[in-house]
Every structure is written in C-alpha cells, then in structure tokens.
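Working notes, structure below.
The values are calculated or read from the model by the stated rules, or taken from the named source; none is laboratory data. The model shown is predicted, which means the values in this text are computed figures rather than measured ones. Cβ atoms come from the backbone with ideal geometry, glycine included; neighbour counts cover every protein chain shown.
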Amino acid sequence: MTTSEGGAPETFVHPSAVVEPGAHLGSGVRVGPFCHVGSSVELGPGVELLSHVAVAGRTQIGPRTRLFPFASIGHAPQDLKYRGEPSSLTIGADCIIREGVTINPGTQAGGMVTRIGDRCAFLANAHIGHDCRIGNDVVLSNNVMIAGHVTIGDWAALGGGAAVIQFTRIGAHAFLGGVSGLDHDLIPFGLAVGNRARLAGLNLVGLKRRGFSREAINELRRAYRLLFAPEGTLQERLADVTKAFAGNAQVKAILDFLNESGDRSICMPEQGKGEER
C-alpha cells in the first residue's frame, strides 16, 4: 500500500473493479479485482474488499472491516413484500466477512435498517436477513442462516449450519450449537442445541473464554437452576430469583431478557433434563 504525502494510506481500486459515481471510499480503502461498489455505498477507512465482492444499496461499512470473495452485501432483501423502499444496512468496525456471506438491508416493516456491530466474524456462506440487529463480537460459523427481524446480543456465537427463525432473540454470550434450529428466544449466557433447539444449560465454555470468574459462573448456574426448576410457574421463579440475586448484573441481564415481550416464546430445557456441565 502506498501513502500520500501527508502519511495517510491511499485508497486503491483495482483496474478491473467497478466503483460507481457517488460511492464514498475512506482513506486506505482497498477494492480488489472484480469487485462492484454501488453509488450509495460508504466504505470507512481501511476497509478491504479482497476480490469479487459486491456491495450495493445504502450500505455503510465501518473502518478496517475485511470482506472476502463473493460476499454479497446490501442487495435487495429476500422479502417478497419489499417494494424498493430506501432501506439501509450498517456494518461496524473491524468485522470479518468471509466467502459467500450475504447480508440484507432493512424493510419498511422492520424499521428500514439492518445493523451489525463491531468486531463480528461471519464465516463462509453465512446469511443475515433483513431488519436484523446484531451486537458486537458476534460469531456466525459456516452456513449459519439468520432469518429477518432477528436480534443477537454481544458475544453470542452460533455453530455451523445453525438456523434461526424470524423475530427470534438471542441474548448476549449465548451459544447455539451447530446444525440446530432455533424457534424460541435464547436467554443471555444460555446454551441451546437440537432441532428444534432446547435449552441445555449455560454457555460455560464461552463464559470461561470471556474471563468470567468462577464465582460469577457459579452464581449464574445457581440462578439458572432456580429459574428452570420444575416447581412453580415461571413468573413465580422469576420473582424468587429477582429477590435472591438483587445486585447481580449478569443475572439481571437474564431477568430483563425474560421480562421483555418478544414475538417468540422462551427456549426452555427439555422436560426432565438438567443443566449440562
């Protein structure tokens, strides 16, 4: 990469690439061979399109995000109700978008925008549908399928081939196992596996990787057991856990998630199955 006289990295566009008039390319952007950048696209400083990447629509991509070959970003959503409304797609900084990934913009029925946070990693052939809200540091493994209107919290991870139905919520630090189909809301820190996926405990591996202390993890496990015990109703157990864990921020995140009204019911443990260790 060459630099300008002022020391800032120069933007580079390969001769075979097409950058339409009106597109905004920040300093140090690299557009590789056979890429196509639409007229309403904004690429932040240091964004790199390796080759054969197509970015369309009202799409903003944050600094230093890298897009690998055959990614299709910001094209018309896969929604038969879409009528060309001027919706948008926003992708944060330092993301990795691997080969064949597709990300759709929003629609009028979903707020007109799809939002992706910072430092996300979307591996080969993952799909993110229209009107999704994806947090920071989210990992989608190969071939993950996210339908429209899905919300995913920070640090959540989805295993290869997982599928999430529209309007589902996935809480922060949750994990959905590979080749699982999720059609219920997955609590923060939760682990779900299977088709249809059932809650199988807490995402203990993820919690340890994120640096949660042993004490914090033990408190979460204690709260989990109380919340999903067979005795009483869920509302009664919510009240008990709220009282018993007052001041615990991680448990509060789960309680807040459960108390929010979503379009889907909550992903629950299979009857008779306890927390996996």
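All conditions but one from (1) over 14 Å from the mean Cα position of the chain (by Cα); (2) within 23 Å of Gly74 (Cα to Cα) apply to Gly178; the one that does not is (2). For the stretch 24-45, a residue qualifies if it is buried (at least 20 other Cβ atoms within 10 Å of the Cβ) and in a loop (DSSP other than H, G, I, E, B), and the qualifying residues are Gly28, Val29, Cys35, Val41, Gly44.
When each of Asp240, Asp183, Asp263 is tested for being modelled with pLDDT of 95 or more and within 25 Å of the chain's Cα centre (by Cα), the lone residue that passes is Asp183. For the structure I just gave you, tell me whether Ser88 is without any contact (Cβ under 8 Å) to a residue 60 or more places away in the chain and either basic (Lys, Arg) or touching a Pro at 6+ places or on another chain (Cβ under 9 Å) (or both). Judged against the criteria, Ser88 is a match.
Summed over the stretch 78-136, the residues that are out of contact with any Phe, Trp or Tyr (no Cβ under 8 Å at 6 or more places or on another chain) and in a strand (DSSP E or B) give a count of 14.
Which count do you get for residues in the stretch 89-109 that are farther than 17 Å from Arg66 by Cα and either surrounded by fewer than 18 Cβ atoms within 10 Å (Cβ to Cβ) or at pLDDT below 95 (or both)? So the count comes out to 2.
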